[in-house]
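One structure is given here, and the rest of the page talks about it.
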Amino acid sequence: MDEAGERQVSNFDVSIMLTNANWGWGTPDACTQLARYMDPLVRELTLFSPVTSSVVKGDFLDSIVPFWVPDYVKGRLCRNKTSYSYLKTLSEHRALSGLSSSSICWTFPPTTVDFIKRAKDRGSKIVLEFINTHTSFSRAVLFDEYERVGRVWPEGDQRINALEDDERLSLADAAFVPGKLIGPSIRKFFNNPPALLPASYGAPFRSPPKDLAVKKSARNFIFVGFDGFRKGLHVLLEAWASVRINGTLTIVGGVEPWIRERYGHLIDGSVKVIDISRDLDGILEKSDVFILPSIEEGDPLSTYLAASYGLPLVVTLVAGGCIAVADVNSCIVEPSDPVALANAISRLADDADLFSAMRVNSYRSSLQFTWQEAAKRRHSELKGAFGTLLHKSG
């Protein structure tokens, strides 16, 4: 598209509401990266958040607590429920004050239904960010897995969350549905949904690893996830115990108590557990294969990050996001199947040619899923959904 055309199609405003504190990782980081690369493509973009870490940079950021305030002070404010609630309220008021009928209000969870109603009352187009499948869908999938392994379903009624999902959808003009199953899950459990805009997350661009084309064997396998049961860690431990390879498995994100109690005997000397790490990039750089056998998932950030380091992916369909392609850069397995998972691990460990080819393909595919490319695609989806908001410049 030529420069003049780009100015014409980009002349609208986007306000992003991020209710969570933005410490520069997880969903807030994804929100920030998408905002960073969409900012030059629209007339004006602002990302509102009650608290933003001083390490997060960008002229598009709007934070109630000044950026120069030390992060340890910000942390104290966030841990105090009263002060944090007040900061969130101020951030919402500031976001609402700039909305108009020519604005797109893009909300990340857990933005309240009340805020969405007030934004809609100002004439703004409401775009939801669905980071996980519809609550009714995830509940059904996870309930089956609880029954399969004989685990007691936790207390609490998720129907309340499902009703909130439905209420948000009823107010929205559109929703970004990253990954493979978020869109289908909404269609299954919500009649007449708003426009569902296909999307993905991404990873930073990085140069190819120096040894990308060097033929070698897969020995260092890595799993990343803080919600181990949902992400199939128990299935992975069963699979790992049955493989006969000279390798190591690194688990980043810890092992939740139930899994440790039930499957702890499978954590032997070949398994390394890291509860939390601020150097995930450094760990991935030393790894060979990424494993994520999720039972239920949205569009996992770790999958895109692993691919950017040239790691072949051993994933379930939901854990592969939009980037995994079977037998190209990935071995895709069924969820809750430790035998199939073990076979995929062994296949990559035993076949150096396959591992090397998938390694190259994984890195190459990541170039289509940098944050910049992901933001461009979302920008195109917004243009398609809200063409009436666009105005010719000059």
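The values are calculated or read from the model by the stated rules, or taken from the named source; none is laboratory data. In this text the structure is predicted, and so the values were computed from the model without any measurement. Reconstructed Cβ throughout: ideal geometry from the backbone, glycine too, with neighbour counts over all protein chains shown.
Can you work out which of the residues in the range 310-329 that are over 17 Å from Gly202 (Cα atoms) and not aliphatic (A, V, I, L, M) is surrounded by the fewest Cβ atoms within 10 Å (Cβ to Cβ)? My answer is Asp327. Of the residues that sit in the range 158-178 and are part of a loop (DSSP other than H, G, I, E, B) and modelled with pLDDT of 95 or more, which one is farthest from Leu382 (Cα to Cα)? Looking at residues that are part of a loop (DSSP other than H, G, I, E, B) and modelled with pLDDT of 95 or more, I get Ala172. Looking at Ser346, Ser380, Ser356, just one residue is polar (S, T, N, Q), out of contact with any strand residue (DSSP E or B) (no Cβ under 7 Å at 6 or more places or on another chain), in contact (Cβ under 8 Å) with a residue 60 or more places away in the chain and surrounded by fewer than 18 Cβ atoms within 10 Å (Cβ to Cβ), and that residue is Ser346.
Mind listing just one residue for me: the one in the range 330-343 that is closer than 25 Å to Pro198 by Cα and touching a residue at least 40 places away in the same chain (Cβ under 8 Å) and, of those, surrounded by the most Cβ atoms within 10 Å (Cβ to Cβ)? Step through it out loud before you land on a result.
So in the range 330-343, the residues closer than 25 Å to Pro198 by Cα come out as 330-335.
Filter once more, keeping what is touching a residue at least 40 places away in the same chain (Cβ under 8 Å): 333, 335.
On the way: Val333: 27, Pro335: 21.
Looking at the filtered set, the residue picked out is Val333.
Selection of first residues in the range 96-116 that are within 22 Å of Lys383 (Cα to Cα) and in contact (Cβ under 8 Å) with a residue 40 or more places away in the chain and of second residues that are assigned to a loop (DSSP other than H, G, I, E, B) and β-branched (Val, Ile, Thr), restricted to Cβ pairs under 8 Å at least 6 apart or on distinct chains, gives the following pairs, ordered by first then second residue: Phe108/Thr19; Phe108/Ile131.
Return the total of residues in the range 61-101 being assigned to a loop (DSSP other than H, G, I, E, B) and surrounded by 18 or more Cβ atoms within 10 Å (Cβ to Cβ). Spell out how you get there, then give the answer.
Filtering the range 61-101 down to residues assigned to a loop (DSSP other than H, G, I, E, B) leaves 64-70, 80, 98-101.
Filter again for surrounded by 18 or more Cβ atoms within 10 Å (Cβ to Cβ), leaving 64-65, 99.
Adding up the residues that qualify gives 3.
Considering the range 230-268, and only residues there that are touching a Lys or Arg at 6+ places or on another chain (Cβ under 7 Å) and modelled with pLDDT under 95, the residue that is surrounded by the most Cβ atoms within 10 Å (Cβ to Cβ) turns out to be Gly247. Residues in the range 334-380 that are more than 22 Å from the chain's Cα centre (by Cα) and outside any helix (DSSP H, G or I) were compared, and the one that is nearest to Asp29 (Cα to Cα) is Asp337.
Scan the range 285-309 for residues that are touching a strand residue (DSSP E or B) at 6+ places or on another chain (Cβ under 8 Å), surrounded by fewer than 24 Cβ atoms within 10 Å (Cβ to Cβ) and not in a loop (DSSP other than H, G, I, E, B) and jot them down. Leu301, Ser302, Leu305, listed by residue number.
The requirement of being over 23 Å from Asp166 (Cα atoms) and either within 25 Å of the chain's Cα centre (by Cα) or among the aromatic types (Phe, Trp, Tyr) (or both) is fulfilled somewhere in the range 93-101, by at least one residue.
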